[in-house]
Amino acid sequence: MADSDTLSETSMAHSRGCIRRFRALRAVLAADLYRYDGRVDARTFLKHYIFTPGYKYTVRMRVCGWLRTKPAMAFGLYPLSKLLLLRSRYKFGFAIPEYMLIGPGLFINRFGGIYMNGDAVIGCNVNVTHGTMLGQANRGPRKGSPIVGNRVFLGAGAKVVGHIQIGNGSSIGSNAVVTKDVPMDGVVGGVPAKLLSIAGSEGYINRQVPAAMMRHCIDAFVGPVPEGFWN
């Protein structure tokens, strides 16, 4: 297959990151909510859905992905959900596709200028800050999209482009441009980004999802995930 055909396929929408079961959707949204408040109940959900742009977008994104997998486009609910997601995209400046594979415990801090390619992967308990980009490289040895591990902190303005592995527990500094793999617990910064230390993201990843809640997400999740996705 020609490179152009391969690139065309990787740029197409898919459903690899869509949650397929309703109980899985509830479990993952509860884990996301815990990252914001440390509590999971109806009152906390309403508070953050109404007043926290990051969580509101996360709910709409995950619900849209769940509806995407339903027959007959969920009897018209999927197109409506997609419109709501697009409205949130333009209102808050988030461009995170509903079909992107994102683990439980996503925390979006601030809003504006956040772009994620749909083929990128984000693990569990990840912090995303304004101006972050996970982009696709169209040529060269790093052709493809990033894979971000667990407990990763992405600082304001961080750019990761291409098929790059961001190790578990790592921290990407503000305005860093990452062009190569980052080791576990690595701290990188600069343009291009260089390894500054192995202090990791400790102190930056607040309120990690409790083990019991994470197990509930694992038990309910359906679909292929990269090796080590839950570690």
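The values are calculated or read from the model by the stated rules, or taken from the named source; none is laboratory data. Bear in mind that the values here come from a model prediction, so they are computed numbers and not experimental data. Counting neighbours? That spans all protein chains shown, and the Cβs are built from the backbone with ideal geometry, glycine included. Heavy atoms of the whole protein, side chains included, go into the accessibility calculation; ligands, DNA and RNA do not. Shrake-Rupley method; radii C 1.70, N 1.55, O 1.52, S 1.80 Å.
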Hits among lysines - C-alpha to C-alpha of Lys91 under 29 Å, sequence gap 8 or more where chains match: Lys47, Lys56, Lys70, Lys82, Lys159
Heavy-atom SASA rank of Thr58, Thr179, Thr69 (probe 1.4 Å, accessible area, largest first): Thr179, Thr69, Thr58
HN-Hα J in Hz across region 134-142 - Karplus 6.51, -1.76, 1.60, θ = phi - 60°, x for Gly and Pro: 10, x, 9, 8, 9, 7, x, x, 9
Only Lys, Arg (+1) and Asp, Glu (-1) charged, at Cβ; region 38-148 dipole about Cα centre in debye: 180 debye
Relative contact order, percent, the chain [alpha-carbon distance under 8 Å, six or more residues apart]: 17 percent
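Give me the net charge of Ile166's neighbourhood, meaning all other residues with Cβ under 14 Å from the Cβ of Ile166; Lys, Arg count +1, Asp, Glu -1.
My count for the surroundings of Ile166 gives +2.
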Label corresponding to Cα extents along the principal axes in Å when calculated from the structure given, among (1) 43, 38, 33; (2) 52, 45, 35; (3) 46, 45, 34: (3)
